Amino acid sequence: MHSLRFDGSFATWRQAARRALLQGLAPHQLQWLDEEAPPSLFDQPAEGAPEPSGRLRVSPELLDLLESAAQYRGDERWSLLYRVLWRFVQGERSAVLAGDPDGSELHRRLKAVRREAHHLHAFVRFQPCKIPDAPDFVAWFEPAHDILASASGHFAERLGKHSWLIATPRDGVYWDGQHLQHERRCPAQWQAWAQQPEDDGQALWRAYYGSTFNPARLNRTVMQQHLPLRFWKHLPEGPLIPQLMSEARAGAQRDGQALVLAGRKGKRIAQINEGDAARPPSASVSGSDAPDLPR
Amino acid sequence: MQLIEKLTILADAAKYDASCASSGAPKRSSKGKDGIGSTNGMGICHSYTPDGRCVALLKILLTNFCLYDCQYCINRRSSDVPRARFTPEEVVTLTLDFYKRNCISGLFLSSGIIRSADYTMEQLIRVAKLLRQEHQFRGYIHLKTIPDAAPELIAEAGLYADRLSVNIELPTETSLVRLAPEKNVGSIHQAMHSIHLGEREAKEERRAPRFAPAGQSTQMIVGADATDDSTILHNAQSLYHDYRLRRVYYSAFSPIPQSPKTVPFEAPPLLREHRLYQADFLMRGYGFSATELLAGPGNLALDIDPKLAWALANRAQFPVDLNRADESLIARVPGIGVLSARRLGALRRERRIRYEDLTRLRCVLEKAKPFIVTQDYRPPRAEHESVVLRQQLRDTPAQMALW
C-alpha cells in the first residue's frame, strides 16, 4: 500500500495521480491522504522517488469532470477519482458513464456539486457593509462541498463594479471590483465582516416574503425539498418560515390573503362611468392612495 | 403610506399569478461595468415560501386599484381589500436593493387596470425603462401585458422586458364572459399575436430591435369554473402551437376573502394542478399530444401520473426493449425520464443494458418494471391486466396538505 499525502488541491492530486499511473499503481495499492487526513506512522514522503517517464493522454473533458467531482466532500473523495481515471486509461470507457458502478457514483457527486453551486447562487444573502476598508457587500455561507472558488465568479457578473466577499467556515472569496481572490483558509477579518448583525433593510424583504406566501396552499414537503433546513439559519426570512407555517396550519386563514392584511379595512371602487374614462390625467396622482379613479 | 406597507399589500395582490420563471434570457453580464445585474439563461430560485413555490423575482403589482370586476380576482373593484400604489421610483428602489442582496434575479411587474389599458401599460413600461436606462439594470424583467393596450406599447415593452405575458385567465370564452366581463378573448389573443410577431421579427431580421428574448407565457386558472382538463390541455396545446408560448401556467383557484358567489370557496385543487403540470411537461418535453393524454372529455386521473396512465392505456406498445427501442420511445416508459433515456442510449453503445443499470441511473423501477425488457430481465407479469397494474402502482392516496 502506497500512501500519498498531498495538500488537498486538485492540481497536486493531478500531479500525484499522473505519477502513480505511470508507475502502474493500481487503485487498490494507493491511499490518498489530503490535508484533512490525520498523519500516519507509515506516511511515505512523496518526493525523493525518481520522476517516472512516459506519456499519458487524458482528454480535457475527463479532466474537467474529475476536477468538478473533486469538489465533493465525502468518503473516498480522491480514490474514486483515481479508480475512474485508472479504468479509463486502461481502455474501459464506460467507467465515466452514469450506468457504470463507478461512473454512477461519479455522476452522483457531480450532481451534488452542481446542486451546491446552485445553492450558493440562490441562497447567499449579501448585506451592505458600512465598515471602512470592508467591501460594499458581505455574506456568510456554509456550503457542503468545496464549490466557493469555482462558483463565485457569478457574483462578479451580477454586482458590476461593487466589491464583495463571501466568508465560510473554511475558505473565502473577495472580489475587489476587478480580481477574485480565493483563500483556502478564510482570513479572520473577512469572517468578522461577514458576520455583522442584520441591517434594517432585511425587514422589507421579510415583509415581501410573508405577503407573497399563499397560506391556502401550505406545502411543507415541497418547500423543504427545495430549500433544505440547513440554509434557513442564514436567510433573513428563515425565522419567519415556521411562524408562517404554524399560522397557516392553525386555520386562521381559509383563503390566500396574508394574515397581516386579513380583516383590514379595505376600499371598494365605484363602477366606472362612460365620461370618466376619458378624463384627462391629473398631475398629482403619483403615489397617492387613490389615484386615477372616478369617485 | 410607508413603503413597507405598500409592499405588503401589493405583494399579496400579485401572488395569485403562478409564473416565477427567470430563465430564457440571453447572457448578460455587469462585470466591470456600471450598473448591476446579469442573466445566463438559467433561472435561479432564491427562496421558497412554505407553499412550496419558488421566489425568483420580485413579484408585485404597481397598483391594486382596478376598474375591472373579475370575479376570481382579489383585486376586483368590488373587493374590500386595502389598496395601494407604488411610484415607479419605489419599484426601482426595491428591485435594486433586493437584487444587490441576492434575494431576487429580477422583477415581475403587473398592475390593476387604472384609467385605461394604454395608461396602465405606459406605467409598467416606465418602470422597466427606468431600470434599464437610468440604472443600467441587466437582471431579468417580466412585464405583464395589458390585453387592450396599443400594439406600439407592446412593442416598446418588448424592448426592455425579457418576458411578456398576457393571461388567458380562464380556459373557455363562456367562462371569461361570465367571470371576467370586462375582458375579451379576442383582445387577449390579439395581444399574444402581437408579441409573437415581435419575437419573430427580432429573430428573423438582424437589425430589428430587441424583443422579449425570453418569449411569452400565460396563465390559466383551474377550478374557478367547471371546465375539464381535456379542454384545458387542448387549449394549452393550441397556445403553444399558435403563439409559440414558452409556458402555460396553471393556477389552482385559491379562495379569496369575501368570495363572490360566482366562484367556489373551496381549498385549491392542488393535486389536479399538479397533474396538469405533469401533462403539460409531457407535451413540451416528451412529444405527447393532448389527445394522447386525454382522448375524450374529462379530467386527468388523480391517482396515477399521466405518463403511467398513457402506458396503461397503450399496453400494445410495451414492453419496450431498452437495447433496441428508440430513445424517444424509451422516454415514454413510466419511471424513465428523457435524461435517463439519453444515458441509456450512451451506455448501450458501449455494452448491453442490464436491469442493474436502471438502478444506477436512479430510474423509478417500481413504475418501469412492467414495461421494459433488458438483457437479463423480462416482466413476469407482462400479461397482467392494466386494471391490476393500476391498483399496484397508484400513488399513495395521501392528499396534499389542505387545511
Next on the checklist: Can you give me the convex hull volume of the Cα atoms of the stretch A:2-116, divided per residue and expressed in Å³?
Outcome noted: 104
Item to check | Built amide H within the under 5 Å cut-off of B:Tyr48, gap 5+ | outcome: B:Val55
Checklist entry - In sequence order, what are the phi-derived ³J(HN,Hα) couplings for the stretch B:288-296 according to the Karplus relation 6.51 cos²θ - 1.76 cosθ + 1.60 with θ = phi - 60°, rounded to whole Hz, with x for glycine and proline? => result 7, 9, 4, 5, 4, 7, 9, 5, x
Checklist outcome for this item: Residue by residue through the stretch A:30-35, the couplings from Karplus 6.51 cos²θ - 1.76 cosθ + 1.60 with θ = phi - 60°, in Hz, x for Gly and Pro, are 10, 10, 9, 10, 8, 4
Item to check | Kirkwood hydrodynamic radius over Cα pairs of the stretch A:69-166, then Stokes diffusion coefficient at 25 °C and 0.890 mPa s, in µm²/s | outcome: 158
Checklist outcome for this item: Each residue of B:336-348 has, on average, a number of other protein chain C-beta atoms within 10 Å of its C-beta equal to 2
Checklist entry - Bin by bin, in steps of 10 Å, what percent of the Cα pairs in chain A do you find, going until the bin that has the longest distance? => result 5, 19, 21, 20, 16, 9, 5, 3, 2, 0
Item to check | chain B - mean residue ellipticity at 222 nm from DSSP helices (-39,500 (n - 2.57) per run, n ≥ 4, rounded to 500) | outcome: -11000 deg cm²/dmol
Item to check | Degrees between helix A:240-249 axis and first principal axis of chain A (Cα, 0 to 90, nearest 10) | outcome: 60
Item to check | the stretch B:306-393 - Rg and Dmax from Cα coordinates, angstrom | outcome: 12.1, 38
Checklist entry - Between the helical axis of A:202-212 and the dominant principal axis of chain A, each derived from Cα atoms, what acute angle in degrees is found, rounded to the nearest 10? => result 70
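Per residue, how big is the convex hull of the stretch A:202-261 when only Cα atoms are used? Give it in Å³.
Each residue corresponds to 77 Å³ of Cα convex hull volume.
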Item to check | For A:His2, distant residues with modelled amide H under 5 Å away | outcome: A:Leu30, A:Gln31
Checklist entry - Size of the dipole of chain A about the Cα centre, Lys and Arg at +1 and Asp and Glu at -1 on the beta carbon, nothing else charged, in debye to 20? => result 940
Checklist entry - Taking the Cα centre of the protein assembly as shown as the origin and placing charges on Cβ (Lys, Arg +1; Asp, Glu -1), which of B:Thr218, B:Leu308, B:Ile168 is farthest toward the positive end of the dipole? => result B:Leu308
Next on the checklist: Taking each residue in B:150-156, count the Cβ atoms of any other chain within 10 Å of its Cβ, then average. What number comes out?
Outcome noted: 0
Item to check | Per-peptide average of other Cβ atoms within 10 Å, ordering B:24-36, B:247-259, B:338-350 highest first | outcome: B:247-259, B:338-350, B:24-36
Checklist outcome for this item: Ranked from fewest to most other Cβ atoms within 10 Å of their own Cβ, B:Cys66, B:Cys45 fall in the order B:Cys45, B:Cys66
Checklist entry - Which of the listed residues, B:Gln258, B:Thr227, B:Phe281, is farthest toward the dipole's positive end in the stretch B:181-305, when Lys, Arg count +1 and Asp, Glu count -1 at the beta-carbon? => result B:Phe281
Checklist entry - So what J values fall out for the stretch B:146-161 if you push phi through Karplus, 6.51 cos²θ - 1.76 cosθ + 1.60 with θ = phi - 60°, rounded to Hz, Gly and Pro as x? => result 7, x, 8, 5, 4, x, 4, 6, 5, 4, 5, 4, x, 5, 9, 8
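Taking the Cα centre of the stretch A:202-261 as origin, sum charge times position over the Cβ atoms of Lys and Arg (+1) and Asp and Glu (-1), and report the length of that vector in debye to the nearest 20.
Magnitude of the dipole: close to 160 debye.
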Item to check | Histogram of C-alpha separations across the stretch B:88-198, 5 Å bin width, % | outcome: 2, 12, 22, 21, 17, 12, 8, 4, 1, 0
Next on the checklist: Ranking request for peptides B:2-14, B:223-235: highest mean number of other beta-carbon atoms within 10 Å first, then the rest in descending order.
Outcome noted: B:2-14, B:223-235
Checklist entry - Computed from the mean reciprocal separation of all distinct C-alpha pairs, what Kirkwood hydrodynamic radius does chain B have, in Å? => result 23.1
Checklist outcome for this item: Any trypsin sites (Lys or Arg not before Pro) in the stretch A:116-170 that lie in a DSSP loop and have at most 14 other Cβ atoms within 10 Å would be A:Lys130, A:Arg170
Item to check | Test item: B:252-260 mean partner chain Cβ contacts at 10 Å | outcome: 4
Checklist entry - Can you list the cysteines of chain B that have no other Cys Cβ under 4.7 Å away? => result B:Cys20, B:Cys66, B:Cys103, B:Cys363
Next on the checklist: Please give the Cα centre distance for the stretch B:1-71 versus the stretch B:329-374, rounded to the nearest Å.
Outcome noted: 39
Checklist entry - Counting only residues 5 or more places away or on other chains, whose amide H sits under 5 Å from the amide H of B:Phe108 once H atoms are built in the peptide plane? => result B:Leu58, B:Lys59, B:Ile60, B:His142
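At a 10 Å Cβ-Cβ cut-off, how would you order B:Arg324, A:Arg57, B:Arg138, B:Arg351, fewest neighbours first?
A:Arg57, B:Arg324, B:Arg351, B:Arg138
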Checklist entry - Dipole of the protein assembly as shown, Cα-centred, from +1 at each Lys and Arg C-beta and -1 at each Asp and Glu C-beta, to the nearest 20 debye? => result 740
Checklist entry - How big is the equivalent ellipsoid of the stretch B:1-155 along its three axes, where each semi-axis is √(5λ) from the Cα gyration tensor, reported in whole Å from largest to smallest? => result 25, 18, 15
Next on the checklist: Limiting things to C-alpha atoms, what are the Rg and the maximum Cα-Cα separation (Dmax) for the stretch B:223-381, in angstroms?
Outcome noted: 18.6, 64
Checklist entry - Looking at chain B, what % of its DSSP beta bridges pair antiparallel, to the nearest 5? => result 20
Checklist entry - By how many degrees, 0 to 90 and rounded to 10, does the Cα axis of helix A:10-22 deviate from the longest principal axis of chain A? => result 30
Checklist entry - Counting every Cα pair in the protein assembly as shown, what percent are over 42 Å apart? => result 36
Checklist outcome for this item: The exposure ranking of B:Met1, B:Met192, fewest beta-carbon neighbours within 10 Å first, is B:Met1, B:Met192
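No lab work stands behind these numbers, since they all come straight from the coordinates. Worth saying up front: this structure is predicted, and the values here are computed from it rather than measured. All Cβ positions, even for glycine, are placed from backbone atoms using ideal geometry, and neighbour counts span all protein chains on display.
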